[in-house]
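A.B. asks: Here it is: the structure, laid out below.
The values are calculated or read from the model by the stated rules, or taken from the named source; none is laboratory data. The model shown is predicted, which means the values in this text are computed figures rather than measured ones. Cβ: placed from backbone, ideal geometry, glycine included. Neighbour counts: every protein chain shown.
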Amino acid sequence: MTTRTDAADKADRRRRRVPYLLLAPGMLWLLLFYVIPMFGLAITSLQEGSLEQGYTFTGNIGSYVSVFTTYLPQLRNSLMFALGATVIGLLVGYPLAYAIAFYTSRWKSLFLLMILVPFLVPFLLRTLAWRVILADQGVVVSALKTVGLLGENGRLLSTGWAILAGLVYNYLAFMTLPIYVSLDKIEPSLLEAANDLYATPWTAFRKVTLPMSMPGIISGTLLTFIPAAGDYVNVELLGNRNWTMMGNVIQSKFLVIIDYPAAAAISFTLMAIIVTVVVIYVRRVGTEELLT
Amino acid sequence: MRARVFYRTLLGLGIAYLFVPVLVVVAFSFNDFKGRRNVSWEGFTLRHWADPFKLPGLSEAVLNSLTIAFLSALISTIVGTLIALALVRYRFRGRATTNLLLFLPMASPEVVMGSALLTLFVATHVGRGYVTVLLAHILFNLSYAVVTVRARIVGFDRHLEEAAMDLYANEWQTFRRVTFPMIMPGVLAAFMLAFALSFDDFVITNFNSGSMQTFPIFVYGATKRGVPPQVNVLGTMIFGVMVIAMGIFLFIQNRRKKARD
């Protein structure tokens, strides 16, 4: 160490600066347009006033009180639909990912692309397409009526089922792809070893495949739950007023009624609840991979 | 064998499920409907394809969407690549914070991010429009760009760079001739992902666009009055362009892979 020259020291110091220079523009962006707005949202939620007279910061927590007194049904709907979409998405997405990973030898990348196909059509258009599919005179409704699952005057559009169908469909690729990625990493020899050791296919799945696909399951469920909990488009296009979610309240308070403090309080509460749910979930199923 | 049949069938059903709404969008661009709402099939026509841009405002909306998607994808990919290089190549203090800061936007629902940005622009009296939407799109694209590029950098052999340095290439030459070509597929994938995310974004745009229209905003406005078939025509065109772009991307990748083997 003592033989080090000044020049080497200088080069060293320059080298240590490089990562910060590389990070600077991006971090500045995140600071200006993510961190500061989030603080702004928190501050706005504690303001009082009206659009005409302007808002002043008073530390008033009234907006938060009303979130839990007035908007409890919307909060419940958000969590219920997000959870439902996540569970159904997992039940549909896992077998799909499994089939692609293990039962499509040559056409793997083609099938993967097919999973992405819905994303090639604009979000609003593919959601609107469900209006046609679930329409009262449509094939699905009449088929369900024939088998007796739906009553004479039963319908799907404007019900919770339509919202759920839209949510599952819109986020299915987010569920399927991460699970596929983790399944694809499993060495076939591991499963052969399990087989050699007299594990039944079910035991091999439970002891080898499932644990190894856990990172994919965690990413997939989060990538479905988070956007679904904040969604308001599916309710608006497929559901009705009885099923409004937190997202709908935020949207209307911000853009239609224009009551910024109330809107900010609801928005902030939604964020806090989602972060809490996510943190508890990730701790329970256990993976640190996600944050690194 | 039975498992094989079972999973093949399942896959078929799954793919059919994913395709049906797409087919509906395409089919209804050819629907010869007479009523006000384009919701039930009434026969085939090409008339909506004759002048898809005749609706007032639609072509500007599409143009806005395209330019915003291009610019936000370009900027977020460049900035994101720099971050990815820093994260994979260097050990430095503040690494965990950086990762957290990148993860948060991906973990925030769009309504929350959109509304937070809205309060910022309201508080600072910035008029909402093209620029604010562009700023917002760069923000939500950034994390995805970093993740995509980083996945590529992690996978490649550092010895190649060391070899270049041993052969007296300076750092810039090494980056330009060795590192950049190697991470190029990741950068390209990040750009395409960012472009698609931006082009399709409705929620964050809705909060920050003011009176400016993008294609999703236009479609949303149209749902109130009944969606005009021209929207389906454009949706079909977008679908076609995306399929072709993906095809080209796959073709290039395939050829590279073959060339390497």
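A.B. asks: Among the residues of the range A:113-120, is there at least one that is more than 20 Å from the chain's Cα centre (by Cα) and at the interface with another protein chain (Cβ under 10 Å from one of its Cβ atoms)? Steps first, answer last, please.
C.D. replies: Of the residues in the range A:113-120, the ones more than 20 Å from the chain's Cα centre (by Cα) are A:113-114.
Restricting the remaining residues to those that are at the interface with another protein chain (Cβ under 10 Å from one of its Cβ atoms) gives A:113-114.
Yes: the range A:113-120 contains one or more residues that are more than 20 Å from the chain's Cα centre (by Cα) and at the interface with another protein chain (Cβ under 10 Å from one of its Cβ atoms).
A.B. asks: Still on this structure, please answer the following. Before we move on, is A:Thr176 within 14 Å of chain B (Cβ to nearest Cβ) and not in a loop (DSSP other than H, G, I, E, B)? Walk me through it before giving the result.
C.D. replies: Details: within 14 Å of chain B (Cβ to nearest Cβ): yes; not in a loop (DSSP other than H, G, I, E, B): yes.
Criteria met by A:Thr176.
A.B. asks: For the structure I just gave you, tell me whether B:Glu60 is within 26 Å of A:Ile226 (Cβ to Cβ), of a type in the set (D, E, K, R) and under 23 Å from the mean Cα position of the chain (by Cα).
C.D. replies: Working: within 26 Å of A:Ile226 (Cβ to Cβ): no; of a type in the set (D, E, K, R): yes; under 23 Å from the mean Cα position of the chain (by Cα): yes.
No, not satisfied.
A.B. asks: Here is a list: B:Thr179, B:Thr132, B:Thr98. Which entry is in a helix (DSSP H, G or I), modelled with pLDDT under 90 and within 13 Å of chain A (Cβ to nearest Cβ)?
C.D. replies: Values: B:Thr132 fails: modelled with pLDDT under 90; B:Thr98 fails: modelled with pLDDT under 90.
It is B:Thr179.
A.B. asks: Separate question: With the condition kept exactly as written, say whether any residue in the range A:222-241 is free of Cβ contacts under 8 Å to residues at least 12 places away in the same chain and surrounded by fewer than 22 Cβ atoms within 10 Å (Cβ to Cβ). I'd like the intermediate steps shown before the answer.
C.D. replies: Initial filter on the range A:222-241 (free of Cβ contacts under 8 Å to residues at least 12 places away in the same chain): A:241.
From what is left, the residues that are surrounded by fewer than 22 Cβ atoms within 10 Å (Cβ to Cβ) are A:241.
Scanning the range A:222-241 turns up at least one residue that is free of Cβ contacts under 8 Å to residues at least 12 places away in the same chain and surrounded by fewer than 22 Cβ atoms within 10 Å (Cβ to Cβ).
A.B. asks: Which of the residues spanning the range B:225-238 are facing chain A (nearest Cβ under 10 Å) and over 19 Å from A:Leu120 (Cβ atoms)?
C.D. replies: Matches in the range B:225-238: none.
A.B. asks: What is the number of the single condition among (1) charged (D, E, K, R); (2) assigned to a loop (DSSP other than H, G, I, E, B); (3) within 12 Å of chain A (Cβ to nearest Cβ) that B:Arg8 does not meet?
C.D. replies: In the conditions (1) charged (D, E, K, R); (2) assigned to a loop (DSSP other than H, G, I, E, B); (3) within 12 Å of chain A (Cβ to nearest Cβ), B:Arg8 misses (2) alone.
A.B. asks: Which condition number does A:Leu91 fail, the rest of (1) loosely packed, with under 15 Cβ neighbours inside 10 Å; (2) within 14 Å of chain B (Cβ to nearest Cβ); (3) over 24 Å from A:Val168 (Cβ atoms) being met?
C.D. replies: Among (1) loosely packed, with under 15 Cβ neighbours inside 10 Å; (2) within 14 Å of chain B (Cβ to nearest Cβ); (3) over 24 Å from A:Val168 (Cβ atoms), A:Leu91 violates only (3).
A.B. asks: When you scan the range A:22-41, do you find a residue that is hydrophobic (A, V, I, L, M, F, W, C), in contact with a strand residue (DSSP E or B) (Cβ under 8 Å, 6 or more places away or on another chain) and either in a helix (DSSP H, G or I) or within 12 Å of chain B (Cβ to nearest Cβ) (or both), even just one? Can you show your working first?
C.D. replies: Of the residues in the range A:22-41, the ones hydrophobic (A, V, I, L, M, F, W, C) are A:22-24, A:27-33, A:35-36, A:38-39, A:41.
Imposing the further condition that a residue be in contact with a strand residue (DSSP E or B) (Cβ under 8 Å, 6 or more places away or on another chain) reduces the set to none.
The answer is no; no qualifying residue exists.
A.B. asks: Taking the range A:130-166, which residues are crowded, with 23+ Cβ neighbours inside 10 Å and either away from every other protein chain (no Cβ under 13 Å) or more than 19 Å from B:Val20 (Cβ to Cβ) (or both)?
C.D. replies: A:Ile163, the sole residue that qualifies.
A.B. asks: Can you find even one residue in the range A:53-71 that is in contact (Cβ under 8 Å) with a residue 40 or more places away in the chain, under 29 Å from A:Thr244 (Cα atoms), facing chain B (nearest Cβ under 9 Å) and assigned to a helix (DSSP H, G or I)?
C.D. replies: no
A.B. asks: Being over 30 Å from B:Arg150 (Cα atoms), at the interface with another protein chain (Cβ under 8 Å from one of its Cβ atoms), part of a loop (DSSP other than H, G, I, E, B) and touching a residue at least 40 places away in the same chain (Cβ under 8 Å), is that true of even one residue in the range B:17-34?
C.D. replies: Yes - at least one qualifying residue is present in the range B:17-34.
A.B. asks: Name every residue in the range B:148-176 that is free of Cβ contacts under 8 Å to residues at least 12 places away in the same chain, surrounded by 13 or more Cβ atoms within 10 Å (Cβ to Cβ) and assigned to a loop (DSSP other than H, G, I, E, B), in order of residue number.
C.D. replies: B:Ala169
A.B. asks: Looking for something free of Cβ contacts under 8 Å to residues at least 24 places away in the same chain and at the interface with another protein chain (Cβ under 8 Å from one of its Cβ atoms) - is there at least one such residue anywhere in the range A:274-282? Give the derivation first.
C.D. replies: Step one: list which residues in the range A:274-282 are free of Cβ contacts under 8 Å to residues at least 24 places away in the same chain, which gives A:275-276, A:279-280.
Now narrow it down to the ones that are at the interface with another protein chain (Cβ under 8 Å from one of its Cβ atoms): A:275.
The answer is yes, given that some residue of the range A:274-282 is free of Cβ contacts under 8 Å to residues at least 24 places away in the same chain and at the interface with another protein chain (Cβ under 8 Å from one of its Cβ atoms).
Every residue, every condition in (1) modelled with pLDDT of 90 or more; (2) of a type in the set (A, V, I, L, M); (3) closer than 18 Å to B:Ala73 by Cα, yes or no:
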position: B:Met184; (1), (2), (3): no, yes, yes
position: B:Thr205; (1), (2), (3): yes, no, yes
position: B:Thr214; (1), (2), (3): yes, no, yes
position: B:Pro228; (1), (2), (3): no, no, no
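A.B. asks: Another question, then. Kindly evaluate A:Leu164 against the criterion of being in a loop (DSSP other than H, G, I, E, B), under 28 Å from the mean Cα position of the chain (by Cα) and in contact (Cβ under 8 Å) with a residue 12 or more places away in the chain.
C.D. replies: On the way: in a loop (DSSP other than H, G, I, E, B): no; under 28 Å from the mean Cα position of the chain (by Cα): yes; in contact (Cβ under 8 Å) with a residue 12 or more places away in the chain: yes.
No.
A.B. asks: May I pose another question? Look at the range B:35-58 and say how many of its residues are outside any loop (DSSP other than H, G, I, E, B) and not charged (D, E, K, R). Spell out how you get there, then give the answer.
C.D. replies: Within the range B:35-58, the subset outside any loop (DSSP other than H, G, I, E, B) is B:44, B:47-50, B:58.
After this cut, where a residue has to be not charged (D, E, K, R) as well, the list is B:44, B:48-50, B:58.
Adding up the residues that qualify gives 5.
A.B. asks: Kindly indicate whether any position in the range B:47-63 is closer than 16 Å to B:Thr205 by Cα and free of Cβ contacts under 8 Å to residues at least 24 places away in the same chain. I'd like the intermediate steps shown before the answer.
C.D. replies: Going through the range B:47-63, the residues closer than 16 Å to B:Thr205 by Cα turn out to be B:60-63.
Now restrict to residues that are free of Cβ contacts under 8 Å to residues at least 24 places away in the same chain: B:63.
Within the range B:47-63, one or more residues are closer than 16 Å to B:Thr205 by Cα and free of Cβ contacts under 8 Å to residues at least 24 places away in the same chain.
Table: residues versus (1) within 11 Å of chain A (Cβ to nearest Cβ); (2) outside any loop (DSSP other than H, G, I, E, B).
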residue: B:Ser211; (1), (2): no, no
residue: B:Gly240; (1), (2): yes, yes
residue: B:Ile244; (1), (2): yes, yes
residue: B:Gln253; (1), (2): yes, yes
residue: B:Arg256; (1), (2): no, yes
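A.B. asks: So B:Glu60 clears everything in (1) of a type outside the set (Val, Ile, Thr); (2) crowded, with 19+ Cβ neighbours inside 10 Å; (3) over 20 Å from B:Val149 (Cβ atoms) except one condition, right? Which one?
C.D. replies: Only one criterion in (1) of a type outside the set (Val, Ile, Thr); (2) crowded, with 19+ Cβ neighbours inside 10 Å; (3) over 20 Å from B:Val149 (Cβ atoms) is unmet by B:Glu60, namely (2).
A.B. asks: Oh, and also: Is the range B:102-113 home to any residue that is farther than 16 Å from A:Val275 by Cβ, at the interface with chain A (Cβ under 10 Å from one of its Cβ atoms) and in a helix (DSSP H, G or I)? Show your work before the answer.
C.D. replies: First, pick out the residues of the range B:102-113 that are farther than 16 Å from A:Val275 by Cβ: none.
Looking through the range B:102-113, none of the residues is farther than 16 Å from A:Val275 by Cβ, at the interface with chain A (Cβ under 10 Å from one of its Cβ atoms) and in a helix (DSSP H, G or I).
A.B. asks: Let me ask something else about it. Quick one: in the range B:77-94, of everything that is assigned to a loop (DSSP other than H, G, I, E, B) and more than 7 Å from chain A (Cβ to nearest Cβ), which residue is nearest to B:Leu197 (Cα to Cα)?
C.D. replies: Narrowing the range B:77-94 to residues assigned to a loop (DSSP other than H, G, I, E, B): B:90-94.
Right, trim to more than 7 Å from chain A (Cβ to nearest Cβ) and you get B:91, B:93-94.
Working: B:Arg91: 31, B:Arg93: 32, B:Gly94: 29 Å.
Result: B:Gly94.
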